[in-house]
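Accompanying notes for the structure given below.
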Amino acid sequence: MTEENLASNDSEIFDNDSFLLGGGLTQSGLLTLGENLIANSLLGRVATSGNLVELDLGATDGSEKVVGILIYPIDATVANKNCQYYYSGEFNKSLVNWPASVDTDAEKEAVFDGSPIVLKTPE
């Protein structure tokens, strides 16, 4: 596997400062072929492959549990792509990009239960 730039060019700057409120521990992962996600999307991990996909509460393959929040937009529609994601920290809850499977306030509150990810409203 080769390293690749996560920005589309050397001069691109991605500003995610208003989303990250504190902490912000990151990891790298492999976004599964077919995914095309915007920044701040919630990620799950498929247990059999270890690859990341958009969180899907209706799934039964491991991707129904949140493992992190995507830092940068990533288009993996033609191939698996390396990505970076937050697995811990405090984040602006109004800037989360919720997947379609998380559509109630109760689900939004429960999705991070037991996770080191905390959503807050900035002061």
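The values are calculated or read from the model by the stated rules, or taken from the named source; none is laboratory data. The model shown is predicted, which means the values in this text are computed figures rather than measured ones. Every residue, glycine as well, gets a Cβ built from its backbone with ideal geometry; the counts of neighbours run over all protein chains shown.
What the table below lists for this structure:
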| read-out | value |
| --- | --- |
| Within segment 68-123, tally of residues that are closer than 10 Å to Asn40 by Cα and hydrophobic (A, V, I, L, M, F, W, C) | 7 |
| Scope segment 74-106; condition closer than 24 Å to Glu123 by Cα and either in contact with a helix residue (DSSP H, G or I) (Cβ under 7 Å, 6 or more places away or on another chain) or of a type in the set (A, V, I, L, M) (or both); matching residues | Leu95, Val96, Trp98, Ala106 |
| Top-ranked residue in segment 39-88 [being of a type in the set (Val, Ile, Thr) and in a loop (DSSP other than H, G, I, E, B); ranked as nearest to the chain's Cα centre (by Cα)] | Ile71 |
| Selection from segment 46-102 of residues that are surrounded by 20 or more Cβ atoms within 10 Å (Cβ to Cβ), hydroxyl-bearing (Ser, Thr, Tyr) and touching a residue at least 60 places away in the same chain (Cβ under 8 Å) | Tyr86 |
| Lone qualifier among Lys81, Lys108, Lys93 - being modelled with pLDDT under 95 and either in contact with a strand residue (DSSP E or B) (Cβ under 7 Å, 6 or more places away or on another chain) or within 19 Å of Leu25 (Cβ to Cβ) (or both) | Lys93 |
